[in-house]
Amino acid sequence: MSQPPYPPQPTHGPAQPPKKTGPGKVLGLGCLGIVGLFVLSAVITGIAGSGDDSGKSGTADAKPTYNVVDKDTSGNVRQVVVEVDSTSGLRAVFDDVADTLTDKAGYWVQINCSTGSTAKVDNRLGNGRKAVGNIGAASTGLKDGQTEFETLDGATCPAATPEASQSVSSGIPPVPTGADRQELLNAIAQAAPDAARYEDKAIDAARNQCSALDSDRADWLASQRFTYKDVTTTEAQGKQINTALKSLRFCDV
């Protein structure tokens, strides 16, 4: 009697049910991905922000404050008067002002202390010039677009009182009177005729120039001090003024 055939043996384990890929799982993975992107973005932003903050220190906040109190808006030669409250950052002040001077002309920039002046005498801290165009180059002696700036020796700001800034101890002689005054004006007129037109200005400029006679740039500083209103004094004339002041012994105090 034949044996009944054995049922076929399975070659693999029991069939596994199909994996579920329901919307819950898909959404869970998606949320985790989005959260991860947010975290990564926040880390990158934090690193970048930290670098930017360190690079910004000492920029805009460090710029000295100043006021432009007088500015010519026409003519081939123009004067700009600036007031500050301290001697810090004078070059930065000049550069900032010079950037705004774009009309074709020669610019003479005076930087004064807001304290320590009198009705006739500015407490001058520095002088500069800028040439714009051929007209500016001709009137300043600089090349088109070139600037030049120099602080005055011994200048202080703030000054406690006008008297302190004009004291004899600072090397500035007293205001001359009578024959001495006229002798000084005649000497200035001989060296730079236009500079003597404004007598009080010329006298005050001569007194202040005494503090710079020993400077390496004494001639240039004289040209700056004796440039006011519509008067422009050249460096060659400044040299002649310095020679006159020494000949008169006006600065011997």
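The values are calculated or read from the model by the stated rules, or taken from the named source; none is laboratory data. Note that this is a predicted model, so its numbers are computed, not measured. Every residue, glycine among them, receives a Cβ derived from its backbone with ideal geometry; neighbour counts consider all protein chains shown. Note: areas computed on protein heavy atoms with side chains; ligands, DNA, RNA excluded. Shrake-Rupley method; radii C 1.70, N 1.55, O 1.52, S 1.80 Å.
The table below lists the values:
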| quantity | calculated |
| --- | --- |
| Ala236 versus Thr118: modelled label distance in nm, points set 7 Å from Cα along the beta carbon direction | 3.4 |
| Residue order for Val69, Val80 - accessible surface, 1.4 angstrom probe, largest first | Val69, Val80 |
| Cross-link pairs beyond the 18 Å C-alpha cut-off, checked among Lys71/Lys130; Lys104/Lys201; Lys143/Lys239 | Lys104/Lys201; Lys143/Lys239 |
| Calculated over the range 97-157: convex hull of Cα atoms, volume per residue (Å³) | 95 |
| Sites Asp99 and Ala138 - FRET efficiency at Förster radius 22 Å, r taken between beta-carbons, to 0.05 | 0.50 |
| Lys143 accessible area, assembled protein chains, probe 1.4 Å, Å² | 150 |
| Gain upon complete extension [Ala179, Leu248; 0.36 nm per residue less C-alpha separation] | 23.6 nm |
| Ile135 accessible area, 1.4 Å probe, all protein chains in place, Å² to nearest 10 | 80 |
| Solvent exposure ordering (accessible area, 1.4 Å, most first) of Glu199, Glu150 | Glu199, Glu150 |
